[in-house]
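Data first, discussion second: the structure below is written as C-alpha coordinates.
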(Lines give C-alpha, C1' and ligand atoms only; values in the text may rest on other atoms or scores of the structure.)
Protein backbone atom coordinates (compact mmCIF):
# COMPACT_ATOMS: atom_id res chain seq x y z
CA UNK A 1 0.00 0.00 0.00
CA UNK A 2 1.24 3.50 -0.83
CA UNK A 3 0.10 6.55 1.13
CA UNK A 4 0.68 10.11 -0.06
CA UNK A 5 -1.67 13.05 -0.47
CA UNK A 6 -0.40 13.79 -3.97
CA UNK A 7 -2.32 11.68 -6.48
CA UNK A 8 0.32 11.98 -9.23
CA UNK A 9 3.11 10.88 -6.90
CA UNK A 10 0.95 8.03 -5.58
CA UNK A 11 0.20 6.76 -9.08
CA UNK A 12 3.83 7.09 -10.20
CA UNK A 13 5.16 5.28 -7.14
CA UNK A 14 2.60 2.48 -7.49
CA UNK A 15 3.52 2.04 -11.16
CA UNK A 16 7.27 2.13 -10.47
CA UNK A 17 6.97 -0.43 -7.66
CA UNK A 18 4.81 -2.69 -9.85
CA UNK A 19 7.56 -2.59 -12.50
CA UNK A 20 9.94 -3.88 -9.79
CA UNK A 21 7.62 -6.79 -9.01
CA UNK A 22 6.08 -5.30 -5.85
CA UNK A 23 2.33 -5.84 -5.73
CA UNK A 24 0.56 -2.68 -4.57
CA UNK A 25 -2.86 -3.73 -3.29
CA UNK A 26 -4.19 -0.22 -2.71
CA UNK A 27 -3.20 3.40 -2.31
CA UNK A 28 -4.70 6.33 -0.44
CA UNK A 29 -4.10 9.88 0.69
CA UNK A 30 -2.93 10.47 4.27
CA UNK A 31 -5.18 10.41 7.30
CA UNK A 32 -8.30 8.49 8.13
CA UNK A 33 -8.92 7.42 4.54
CA UNK A 34 -5.54 5.63 4.54
CA UNK A 35 -6.35 3.79 7.76
CA UNK A 36 -9.75 2.67 6.46
CA UNK A 37 -8.18 1.49 3.19
CA UNK A 38 -5.50 -0.46 5.08
CA UNK A 39 -8.05 -2.14 7.32
CA UNK A 40 -9.93 -3.26 4.20
CA UNK A 41 -6.93 -4.37 2.13
CA UNK A 42 -4.70 -5.67 4.98
CA UNK A 43 -1.41 -4.99 3.16
CA UNK A 44 1.84 -6.60 4.33
CA UNK A 45 3.76 -3.33 3.99
CA UNK A 46 2.56 0.28 3.92
CA UNK A 47 4.81 2.98 2.44
CA UNK A 48 4.01 6.38 3.97
CA UNK A 49 5.23 9.56 2.27
CA UNK A 50 6.65 11.92 4.89
CA UNK A 51 8.41 14.18 2.35
CA UNK A 52 5.56 16.21 0.89
CA UNK A 53 3.81 16.97 4.18
CA UNK A 54 5.95 15.87 7.14
CA UNK A 55 3.38 16.62 9.86
CA UNK A 56 0.64 14.71 8.04
CA UNK A 57 2.95 11.78 7.23
CA UNK A 58 4.15 11.49 10.82
CA UNK A 59 0.57 11.71 12.09
CA UNK A 60 -0.44 8.93 9.67
CA UNK A 61 2.35 6.70 11.03
CA UNK A 62 1.14 7.39 14.58
CA UNK A 63 -2.47 6.57 13.63
CA UNK A 64 -1.39 3.23 12.17
CA UNK A 65 0.50 2.29 15.31
CA UNK A 66 -2.34 3.41 17.62
CA UNK A 67 -4.86 1.41 15.62
CA UNK A 68 -2.55 -1.62 15.93
CA UNK A 69 -2.95 -2.36 12.24
CA UNK A 70 -1.09 -5.63 11.68
CA UNK A 71 1.16 -4.35 8.92
CA UNK A 72 4.73 -3.18 8.51
CA UNK A 73 5.31 0.55 8.06
CA UNK A 74 8.01 2.05 5.85
CA UNK A 75 8.40 5.82 5.91
CA UNK A 76 9.76 7.67 2.89
CA UNK A 77 11.56 10.66 4.42
CA UNK A 78 13.68 13.61 3.36
CA UNK A 79 17.41 12.84 3.45
CA UNK A 80 18.04 15.12 6.42
CA UNK A 81 16.01 16.90 9.03
CA UNK A 82 14.17 16.33 12.24
CA UNK A 83 11.41 14.48 10.35
CA UNK A 84 13.54 11.32 10.20
CA UNK A 85 13.92 11.30 13.99
CA UNK A 86 10.23 12.08 14.57
CA UNK A 87 9.23 9.28 12.19
CA UNK A 88 11.45 6.75 13.99
CA UNK A 89 9.75 7.69 17.26
CA UNK A 90 6.37 6.57 15.85
CA UNK A 91 7.57 2.97 15.72
CA UNK A 92 7.83 2.47 11.97
CA UNK A 93 9.57 -0.70 10.77
CA UNK A 94 11.87 1.12 8.38
CA UNK A 95 12.89 4.55 7.15
CA UNK A 96 14.00 5.13 3.57
CA UNK A 97 15.43 8.32 2.14
CA UNK A 98 13.50 9.91 -0.73
CA UNK A 99 16.82 9.87 -2.63
CA UNK A 100 16.67 6.05 -2.73
CA UNK A 101 16.25 4.44 -6.15
CA UNK A 102 13.01 2.60 -6.90
CA UNK A 103 15.02 -0.65 -7.15
CA UNK A 104 16.43 -0.17 -3.65
CA UNK A 105 13.03 0.86 -2.28
CA UNK A 106 11.46 -2.29 -3.74
CA UNK A 107 14.22 -4.45 -2.21
CA UNK A 108 13.75 -2.72 1.16
CA UNK A 109 9.98 -3.28 1.03
CA UNK A 110 10.56 -6.98 0.33
CA UNK A 111 12.98 -7.29 3.28
CA UNK A 112 10.65 -5.48 5.68
CA UNK A 113 7.69 -7.54 4.51
CA UNK A 114 9.40 -10.92 4.89
CA UNK A 115 7.74 -13.11 7.50
CA UNK A 116 10.03 -13.93 10.38
CA UNK A 117 10.13 -17.11 12.40
CA UNK A 118 10.16 -16.43 16.11
CA UNK A 119 12.61 -18.41 18.20
CA UNK A 120 14.03 -17.80 21.64
CA UNK A 121 17.20 -16.52 19.99
CA UNK A 122 15.34 -14.14 17.66
CA UNK A 123 13.23 -12.83 20.57
CA UNK A 124 16.44 -12.15 22.52
CA UNK A 125 17.89 -10.43 19.46
CA UNK A 126 14.71 -8.36 19.02
CA UNK A 127 14.76 -7.35 22.68
CA UNK A 128 18.38 -6.26 22.35
CA UNK A 129 17.57 -4.32 19.17
CA UNK A 130 14.55 -2.69 20.82
CA UNK A 131 16.91 -0.39 22.67
CA UNK A 132 16.42 2.62 20.42
CA UNK A 133 19.16 5.10 19.72
CA UNK A 134 18.68 8.63 20.98
CA UNK A 135 18.31 11.44 18.44
CA UNK A 136 21.85 12.59 19.26
CA UNK A 137 23.24 9.08 18.77
CA UNK A 138 21.51 8.92 15.38
CA UNK A 139 23.04 12.28 14.43
CA UNK A 140 26.51 11.15 15.51
CA UNK A 141 26.22 7.87 13.62
CA UNK A 142 24.84 9.54 10.49
CA UNK A 143 27.77 11.96 10.39
CA UNK A 144 30.24 9.16 11.15
CA UNK A 145 28.68 7.11 8.33
CA UNK A 146 29.35 9.95 5.91
CA UNK A 147 33.07 9.49 6.55
CA UNK A 148 33.71 12.22 9.12
CA UNK A 149 36.29 11.67 11.85
CA UNK A 150 35.31 11.90 15.52
CA UNK A 151 36.71 15.43 15.73
CA UNK A 152 34.79 16.50 12.59
CA UNK A 153 31.58 15.03 14.02
CA UNK A 154 32.25 16.90 17.27
CA UNK A 155 32.80 20.14 15.37
CA UNK A 156 29.58 19.71 13.35
CA UNK A 157 27.47 19.03 16.44
CA UNK A 158 29.25 21.48 18.77
CA UNK A 159 30.33 18.67 21.10
CA UNK A 160 33.63 17.61 22.57
CA UNK A 161 35.47 14.70 20.95
CA UNK A 162 35.10 12.77 24.21
CA UNK A 163 31.31 13.21 24.10
CA UNK A 164 31.23 11.94 20.50
CA UNK A 165 33.29 8.89 21.54
CA UNK A 166 30.87 8.28 24.44
CA UNK A 167 27.89 8.44 22.06
CA UNK A 168 29.62 6.01 19.69
CA UNK A 169 30.44 3.60 22.53
CA UNK A 170 26.82 3.72 23.77
CA UNK A 171 25.32 3.14 20.34
CA UNK A 172 27.76 0.27 19.62
CA UNK A 173 26.53 -1.35 22.84
CA UNK A 174 22.85 -0.78 22.01
CA UNK A 175 23.28 -2.18 18.49
CA UNK A 176 25.59 -5.03 19.48
CA UNK A 177 28.18 -3.71 17.02
CA UNK A 178 31.94 -4.09 17.26
CA UNK A 179 32.91 -1.36 14.80
CA UNK A 180 31.72 1.86 13.24
CA UNK A 181 30.99 0.10 9.95
CA UNK A 182 29.00 -2.65 11.65
CA UNK A 183 27.01 -0.05 13.62
CA UNK A 184 26.19 1.85 10.41
CA UNK A 185 25.04 -1.32 8.64
CA UNK A 186 22.88 -2.47 11.58
CA UNK A 187 21.34 0.99 12.10
CA UNK A 188 20.61 1.42 8.39
CA UNK A 189 18.97 -2.02 8.16
CA UNK A 190 16.78 -1.17 11.14
CA UNK A 191 15.85 2.20 9.65
CA UNK A 192 17.47 4.09 12.53
CA UNK A 193 19.56 6.16 10.12
CA UNK A 194 19.26 6.98 6.44
CA UNK A 195 22.27 6.87 4.17
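The values are calculated or read from the model by the stated rules, or taken from the named source; none is laboratory data. If you're wondering where the values come from, they're calculated on a predicted model, not measured in any experiment. Note that each Cβ is placed from the backbone with ideal geometry, even for glycine, and that neighbours are counted across all protein chains shown.
Remarks
- Within region 2-32, the set of residues being surrounded by 14 or more Cβ atoms within 10 Å (Cβ to Cβ) and on the phi > 0 side of the Ramachandran plot comprises 31 only.
- Residue 17, sole failed condition from (1) touching a helix residue (DSSP H, G or I) at 6+ places or on another chain (Cβ under 7 Å); (2) outside any helix (DSSP H, G or I): (2)
- Residue count for region 169-186 satisfying the condition of being surrounded by 15 or more Cβ atoms within 10 Å (Cβ to Cβ) and over 20 Å from the mean Cα position of the chain (by Cα): 1.
- Helices (runs of 4 or more DSSP H) within region 106-168 that include 3 or more residues crowded, with 18+ Cβ neighbours inside 10 Å and at pLDDT below 90: 135-145
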